[in-house]
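Q: Following this message is one structure expressed as structure tokens.
The values are calculated or read from the model by the stated rules, or taken from the named source; none is laboratory data. Just so you know, these numbers come straight off a predicted model, no measurement behind them. Glycine also receives a Cβ, built like all others from the backbone with ideal geometry; neighbour counts cover every protein chain displayed.
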Amino acid sequence: MKLILSDTNLSLPEFISQESDIKYIDLSKLKITNCVGCFGCWTKTPGKCVIRDDAVKVYPYIAKSDSVIYVSNIKYGTYDTVMKTMLERAIPVQQAFIRLLDGETHHVQRDVALKKAVIIAYGDMSDDEKKLFSSLVERNAKNMNFESFEIIFTKASDLNDIVNSEVAKWEK
């Protein structure tokens, strides 16, 4: 399964439909509240968030997808609010247990596919913000189960073209 997770509405090719192997989720149209840090997804209802909102429909797709495109406006060197909130709410795809990975401690994944990820970061960013964001993605890659990742920085005006170009690579 392939996933496009975006914080803004995108114009995507017509072949992306309900029957397609590609799932597109526009987070800006969903109600997703902040994680409250209760760890209920690890203790009370393992693998399921105790908050009942739209996030519970999204993180199973994150777990199942082997190819992902994350599209996010970048603010102060990090994901903008709606994407950051969703990624934080995806903690149920991990277990409370810790493993050693490349000499570092990371959470054990809960049946999460290894991912090829493309992160499309858009907006007006300074070089320092790009550097900070690149460092963030590199650090998060292991907890997000990325086999590989690429970051593409672009302007908002070029966003649809860049996303469509990346989606076209999936069809080859």
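Q: Answer with yes or no whether LYS155 is over 27 Å from GLN95 (Cα atoms), among the basic types (Lys, Arg) and touching a residue at least 12 places away in the same chain (Cβ under 8 Å).
A: In short, yes.
Q: Against the definition (crowded, with 18+ Cβ neighbours inside 10 Å, without any contact (Cβ under 8 Å) to a residue 60 or more places away in the chain and within 18 Å of ASN145 (Cα to Cα)), how does ARG89 come out, yes or no? Before you say what the answer is, go through the steps one by one.
A: Working: crowded, with 18+ Cβ neighbours inside 10 Å: yes; without any contact (Cβ under 8 Å) to a residue 60 or more places away in the chain: yes; within 18 Å of ASN145 (Cα to Cα): yes.
So ARG89 passes the test.
Q: I need the full set of residues from the range 45-76 which are outside any loop (DSSP other than H, G, I, E, B) and polar (S, T, N, Q), in order please.
A: Start the filter on the range 45-76 by keeping residues that are outside any loop (DSSP other than H, G, I, E, B), which leaves 55-64, 67-75.
If the condition is that a residue be outside any loop (DSSP other than H, G, I, E, B) and polar (S, T, N, Q), then SER67, SER72, ASN73 are the ones that fit.
Q: State yes or no: is PHE149 in contact (Cβ under 8 Å) with a residue 24 or more places away in the chain, more than 13 Å from the chain's Cα centre (by Cα) and part of a strand (DSSP E or B)?
A: Numbers: in contact (Cβ under 8 Å) with a residue 24 or more places away in the chain: yes; more than 13 Å from the chain's Cα centre (by Cα): no; part of a strand (DSSP E or B): yes.
When the stated conditions are applied, PHE149 does not pass them.
Q: Next up: Scan the range 109-130 residue by residue and report those that are touching a residue at least 12 places away in the same chain (Cβ under 8 Å) and either more than 24 Å from PRO92 (Cβ to Cβ) or in contact with a Leu (Cβ under 7 Å, 6 or more places away or on another chain) (or both). Walk me through how you get there before you give the answer.
A: Initially, the range 109-130 is screened for residues touching a residue at least 12 places away in the same chain (Cβ under 8 Å), giving 109-125, 128-130.
Those that are touching a residue at least 12 places away in the same chain (Cβ under 8 Å) and either more than 24 Å from PRO92 (Cβ to Cβ) or in contact with a Leu (Cβ under 7 Å, 6 or more places away or on another chain) (or both): ILE120, ALA121, TYR122, GLY123, ASP124, MET125, ASP128, GLU129, LYS130.
Q: Then there's this: If I filter the range 108-132 down to residues being hydrophobic (A, V, I, L, M, F, W, C) and over 14 Å from the mean Cα position of the chain (by Cα), which single residue comes out as nearest to THR154 (Cα to Cα)? Even if it seems obvious, please write down each step before you answer.
A: Filtering the range 108-132 for residues hydrophobic (A, V, I, L, M, F, W, C) gives 108, 112-114, 117-121, 125, 132.
After this cut, where a residue has to be over 14 Å from the mean Cα position of the chain (by Cα) as well, the list is 108, 125, 132.
Working: VAL108: 33, MET125: 9, LEU132: 16 Å.
If we take residues in the range 108-132 being hydrophobic (A, V, I, L, M, F, W, C) and over 14 Å from the mean Cα position of the chain (by Cα), then MET125 is nearest to THR154 (Cα to Cα).
Q: I would also like to ask the following. Tell me the residue from LYS131, LYS142, LYS169, LYS155 that is touching a strand residue (DSSP E or B) at 6+ places or on another chain (Cβ under 7 Å), among the charged types (D, E, K, R) and more than 29 Å from CYS38 (Cβ to Cβ), please. Walk me through it before giving the result.
A: Numbers: LYS131 fails: touching a strand residue (DSSP E or B) at 6+ places or on another chain (Cβ under 7 Å); LYS142 fails: more than 29 Å from CYS38 (Cβ to Cβ); LYS169 fails: touching a strand residue (DSSP E or B) at 6+ places or on another chain (Cβ under 7 Å).
Only one candidate passes the filter, namely LYS155.
Q: Run LYS84 past the list (1) under 11 Å from the mean Cα position of the chain (by Cα); (2) farther than 24 Å from ALA121 by Cα and report the number of the one that doesn't hold.
A: Result: LYS84 passes all but (2).
Q: Just to verify a result, which residue in the range 106-123, among those that are modelled with pLDDT of 95 or more and not basic (Lys, Arg), is nearest to SER65 (Cα to Cα)?
A: ALA117
Q: Filter the range 114-129 down to residues that are assigned to a loop (DSSP other than H, G, I, E, B) and either at positive phi or buried (at least 18 other Cβ atoms within 10 Å of the Cβ) (or both), then give me how many there are. I'd like the intermediate steps shown before the answer.
A: Filtering the range 114-129 for residues assigned to a loop (DSSP other than H, G, I, E, B) gives 114, 123-126.
Subset that is either at positive phi or buried (at least 18 other Cβ atoms within 10 Å of the Cβ) (or both): 123, 125.
Residues that pass the stated criteria total 2.
Q: Would you tally the residues in the range 29-44 being assigned to a loop (DSSP other than H, G, I, E, B), touching a residue at least 40 places away in the same chain (Cβ under 8 Å) and β-branched (Val, Ile, Thr)?
A: Going through the range 29-44 one residue at a time, the tally reaches 2.
Q: Take the residues in the range 152-172 that are touching a Ser or Thr at 6+ places or on another chain (Cβ under 8 Å) and closer than 22 Å to TYR59 by Cβ, then tell me which one is modelled with the highest pLDDT.
A: VAL163
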